[in-house]
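S.K.: One structure is given below, represented as structure tokens, and several questions about it will come after.
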Amino acid sequence: MSVAFLIARREFSSYFRSWIGPVLVAGTLLVDGLLFYWLNGLDQKRLSGEVLQQFFYNASGPTMIAAILLTIRVLAEERQTGTMILLSTSPVKDRDIVIGKFLAAYGVLALTTLLSVYMPAWLFVHGKVAVGHIVVGYAGLLLLGAALTAVGVFGSALASSQVVALVVSAVLAAVFVLLWMVAKATEPPLNQYLGALAVHHENFRPFMQGILQPSGVVFYLVFTYAFLFASVKVLEARRWQ
Amino acid sequence: MIEIQELYKYYGDQRAVGPLTTNIERGEIIGLLGLNGAGKTTTLRILACDLLPTSGSVKVAGVDVVERPDEVKSKVGYLPDRPPLYEDQTVSDYLTFAARLRGVPGHKTQKLVAEAVELTELGDVAKKVIGALSHGYKQRVGIAQAIVHAPELVVLDEPISGLDPVQIVEMRELVKNLKGDHTVVLSSHILSEISETCDRIMVINSGKIEWSGTESELSLALRQGSRISVTVRVSGASEDAALARATEIAQRVPGVSAVDAAASSETGPGVASISVRGEGDLREALCRALVEANVGVIALGREQELESMFLELLGESGEGAPVRRKKKRRKEEAEAPAPSPSEGGAA
């Protein structure tokens with residue numbers, strides 16, 4: 001595990017040695033702020049709880065996009081620049097490589113997400129919202145971010161270039177986000193299974209409302225684990241080619 | 001140090017290496033010599049545990065690369081043909097990361113990094129970002145990462161590729177300095193480079209070791225039966241008379257099997273050129289015989305350089321060889337599956 005942290009630390013700092021980290025953090029926060037200002041109707045009389053719920057809904061989009069953009073490079077770039085060979089010829093498990101890359105990208109995403117806390121804090125000061133609602137909402141954003149980060153790592157493991165990684169990850173993310181629409185068009189019991197697999201709609205909504213559902217937490221953790229596990233298997237398979 | 005038994009590596013139906021059997025002793029510098037596509041890179045990647053063999057056994061310091069790859073990896077330092085460098089890091093940060101990745105404990109890391117920096121003469125640029133360094137320095141950083149964990153075996157794939165003449169000389173010295181502490185296996189398709197640096201040369205062709213021996217043994221093997229070109233000047237004689245006299249003397253030299261007239265690059269009264277074929281290296285005997293007979297020797301040398309004789313050893317000689325080779329390679333490329341970028345153009 002210490003090797004995974006070693007890889008994560010190098011990767012995390014490399015985000016901030018290039019333009020990628022600062023631009024993604026600033027860009028995501030800018031979009032979050034603009035959506036908070038424009039879409040929440042702060043000039044109208046609304047319940048603070050509703051505004052907070054809308055904030056978490058608005059923030060989920062930029063969080064998912066940032067997760068994909070942060071992860072496209074993690075393995076595809078290593079392969080493109082030839083540095084993957086440093087990892088593959090070191091006594092490092094593929095599992096450690098995947099966990100290290102995931103932790104680095106997720107670290108940047110979590111930092112970005114938590115930096116947006118000034119908006120709910122503003123509501124807390126000027127309105128009437130429960131701290132629990134804020135905490136649960138952020139837990140939802142962080143779990144959603146972890147799931148999409150895992151999808152991005154998987155896309156990056158599959159692809160040999162960052163462009164391909166972006167396309168693969170974006171398509172996978174779109175499929176899992178839009179599954180609820182497919183669920184609406186299908187008959188029971190298939191619609192229940194498809195709806196339960198949707199990464200955003202049914203599983204994220206309770207978090208937005210400040211309701212902590214254990215099933216939602218389990219869903220995101222299993223979803224994240226499944227994609228990280230698949231990423232490890234992709235790396236192992238490449239060695240046998 | 002290295003035991004390879006009946007090693008085979010296939011990419012799909014395409015055989016890249018095999019059958020390959022050899023042993024390498026501890027402390028040797030071994031040069032793997034072969035044309036592009038001969039199987040050098042694939043062999044080195046298997047030694048570095050970056051690829052798994054299709055069949056056969058490969059052991060490094062008695063440890064099997066398939067059964068205990070992590071143990072082998074900690075004993076091996078590998079420099080691929082393109083150094084695996086994080087260009088946004090400084091040299092010392094990168095080497096520290098590489099050392100820790102190879103399992104060097106924290107308290108030993110700085111000492112080993114300092115030693116690698118000293119050996120590769122990177123002290124001046126240790127705090128510089130790798131992306132800002134020249135190609136020669138990047139290659140040095142590549143070697144430094146391969147030796148930073150004090151491995152028993154250092155594997156270098158085309159270490160002089162893309163270097164200028166000054167950098168080549170420096171790199172040669174650097175590789176020689178590794179001898180003693182490490183066993184070194186390096187690859188190249190340049191015969192002169194391998195012969196300058198290595199204790200033993202292995203000529204690899206189509207994934208098999210065609211020949212193995214020291215530089216002098218290889219040189220002797222290559223020079224057997226080679227042609228010698230001689231240009232002479234006989235004072236006061238015509239060109240034809242000079243040719244006849246040189247031919248007569250050369251034919252009397254033991255070991256000479258054929259003497260022919262040759263086109264001369266030199267002209268003038270009494271100047272002629274002959275081409276001599278025979279057993280072994282006849283240059284000294286031929287020169288002595290001509291001089292003792294009062295025939296002036298203006299020029300004397302092998303008609304082929306080592307590189308072209310090396311091609312002969314691989315069965316690639318003759319006027320049609322380059323064309324045949326191109327056709328053969330095109331056919332192989334058409335049949336072979338396209339290598340993924342991650343393979344880095346595996347040979």
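The values are calculated or read from the model by the stated rules, or taken from the named source; none is laboratory data. The structure displayed is predicted, hence computed values, not measured ones. Cβ sites come from the backbone with ideal geometry, for glycine too, and all protein chains shown count toward neighbours. For the accessible areas, the whole protein counts, side chains as well, though only heavy atoms, and no ligand, DNA or RNA atoms are used. Shrake-Rupley method; radii C 1.70, N 1.55, O 1.52, S 1.80 Å.
S.K.: All but one of (1) more than 19 Å from B:M202 (Cα to Cα); (2) surrounded by fewer than 22 Cβ atoms within 10 Å (Cβ to Cβ); (3) among the charged types (D, E, K, R) hold for B:K73; state the number of the condition that does not hold.
M.R.: For B:K73, the failing item is (2).
S.K.: Also, quick follow-up: Name the single residue, out of those in the range B:228-243 being loosely packed, with under 15 Cβ neighbours inside 10 Å and of a type outside the set (D, E), that is nearest to B:R288 (Cα to Cα).
M.R.: B:S235
S.K.: Could you say whether any residue in the range B:15-35 is over 17 Å from B:L186 (Cβ atoms), part of a strand (DSSP E or B) and small (G, A, S)?
M.R.: The answer is yes, given that some residue of the range B:15-35 is over 17 Å from B:L186 (Cβ atoms), part of a strand (DSSP E or B) and small (G, A, S).
Per-residue answers, yes or no, for (1) open to solvent by 30 Å² or more (accessible area, probe 1.4 Å); (2) within 23 Å of A:I65 (Cβ to Cβ):
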residue	(1), (2)
A:S2	yes, no
A:I7	no, no
A:I20	yes, yes
A:V25	no, yes
A:L29	yes, yes
A:V51	no, yes
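S.K.: Something else about it: Filter the range B:85-114 for residues that are facing chain A (nearest Cβ under 8 Å) and either in a helix (DSSP H, G or I) or small (G, A, S) (or both) and give the result.
M.R.: Of everything in the range B:85-114, those that are facing chain A (nearest Cβ under 8 Å) and either in a helix (DSSP H, G or I) or small (G, A, S) (or both) turn out to be B:F97, B:A98, B:R100, B:L101, B:G103.
S.K.: Residue under question is A:V199, and the condition is that it be open to solvent by 20 Å² or more (accessible area, probe 1.4 Å) and either over 26 Å from A:E50 (Cβ atoms) or under 16 Å from the mean Cα position of the chain (by Cα) (or both); does it hold?
M.R.: It is false that A:V199 is open to solvent by 20 Å² or more (accessible area, probe 1.4 Å) and either over 26 Å from A:E50 (Cβ atoms) or under 16 Å from the mean Cα position of the chain (by Cα) (or both).
S.K.: Might you let me know whether the range B:136-147 holds any residue that is farther than 26 Å from B:H189 by Cα and of a type outside the set (S, T, Y)?
M.R.: No, the range B:136-147 contains no residue that is farther than 26 Å from B:H189 by Cα and of a type outside the set (S, T, Y).
S.K.: Here's a follow-up. What is the number of the single condition among (1) open to solvent by 20 Å² or more (accessible area, probe 1.4 Å); (2) under 28 Å from B:G62 (Cα atoms); (3) aromatic (F, W, Y) that B:Y78 does not meet?
M.R.: (1)
S.K.: Would you pick out the residues in the range A:157-176 that are crowded, with 24+ Cβ neighbours inside 10 Å and more than 14 Å from the chain's Cα centre (by Cα)?
M.R.: Those that are crowded, with 24+ Cβ neighbours inside 10 Å and more than 14 Å from the chain's Cα centre (by Cα): A:A157, A:A165.
S.K.: In addition: Every residue in the range A:42-98 that is acidic (D, E) and not in a loop (DSSP other than H, G, I, E, B), please.
M.R.: A:E50, A:E77, A:E78, A:D94, A:D96 - these are the residues of the range A:42-98 that are acidic (D, E) and not in a loop (DSSP other than H, G, I, E, B).
S.K.: Spot the failing condition for B:R82; the list is (1) closer than 23 Å to A:F5 by Cα; (2) out of contact with any His (no Cβ under 8 Å at 6 or more places or on another chain); (3) facing chain A (nearest Cβ under 9 Å); (4) not aromatic (F, W, Y), and only one is missed.
M.R.: Exception for B:R82: condition (1).
S.K.: I need a count of the residues in the range A:66-90 that are more than 25 Å from A:L143 (Cα to Cα), buried (at least 20 other Cβ atoms within 10 Å of the Cβ) and either at the interface with another protein chain (Cβ under 7 Å from one of its Cβ atoms) or in contact (Cβ under 8 Å) with a residue 12 or more places away in the chain (or both).
M.R.: 8
S.K.: While we're on this one: With the condition kept exactly as written, say whether any residue in the range B:132-149 is in contact with a Lys or Arg (Cβ under 8 Å, 6 or more places away or on another chain), surrounded by fewer than 22 Cβ atoms within 10 Å (Cβ to Cβ), more than 11 Å from chain A (Cβ to nearest Cβ) and of a type outside the set (D, E, K, R).
M.R.: Within the range B:132-149 (the criterion being in contact with a Lys or Arg (Cβ under 8 Å, 6 or more places away or on another chain), surrounded by fewer than 22 Cβ atoms within 10 Å (Cβ to Cβ), more than 11 Å from chain A (Cβ to nearest Cβ) and of a type outside the set (D, E, K, R)), the answer is no, since none of the residues qualifies.
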